[in-house]
1. Would you mind finding the one in SER60, SER31, SER86 that is assigned to a loop (DSSP other than H, G, I, E, B), polar (S, T, N, Q) and at pLDDT 70 or above?
2. Restricting to region 1-22, what's the tally of residues that are within 22 Å of the chain's Cα centre (by Cα) and not aliphatic (A, V, I, L, M)?
3. TYR33 passes all but one of (1) surrounded by 15 or more Cβ atoms within 10 Å (Cβ to Cβ); (2) among the aromatic types (Phe, Trp, Tyr); (3) over 20 Å from LYS79 (Cα atoms); which number fails?
4. Within region 9-22, restricting attention to residues that are surrounded by 12 or more Cβ atoms within 10 Å (Cβ to Cβ) and either in contact with a Leu (Cβ under 9 Å, 6 or more places away or on another chain) or not polar (S, T, N, Q) (or both), which residue is farthest from GLU48 (Cα to Cα)?
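The values are calculated or read from the model by the stated rules, or taken from the named source; none is laboratory data. Since the model is a prediction, treat every value here as computed from it, not as a measurement. Cβ coordinates were reconstructed from backbone atoms using ideal geometry, including for glycine residues, and neighbour counts include every protein chain displayed.
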Amino acid sequence: MLVMREETFGPLIAVMPTGSRREAIERANDSDYGLSGAVFSGSAAEAEAIAVQLEVGAVSINDAGLTTLVNDVEKHSFKCSGMGDSRMGDSGMRRFLRKRALLLQTVPAASIDGLRENQAD
């Protein structure tokens, strides 16, 4: 079913029954995309145990939309989803900064003559 494998944007919640937790995780990961997902369970511990196995950047637990509402955590997309680094959390600001390395020589440079003498040995 294409809706289960494509990166479909809602409002849409696709539901498919599975025979086991393992099968549900395998089906959820059987996609070229991995922006976000959701896990519903009777216990938060069980939902978290499933959520950590999903190949997605953010998982809503017992809610379908937390990944769109909470913007102060980093969310990196997996597989062919998204556009690089997270635009949320602290990294959302850092992605607009450039990093520059300044390298300072603090010891005298080796002389070419000294290198040639060592190579002759």
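1. Being assigned to a loop (DSSP other than H, G, I, E, B), polar (S, T, N, Q) and at pLDDT 70 or above holds for just one of SER60, SER31, SER86, which is SER31.
2. Qualifying residue count, region 1-22: 7.
3. Failing condition for TYR33: (3).
4. Checked region 9-22; the qualifying residue farthest from GLU48 (Cα to Cα) is ALA14.
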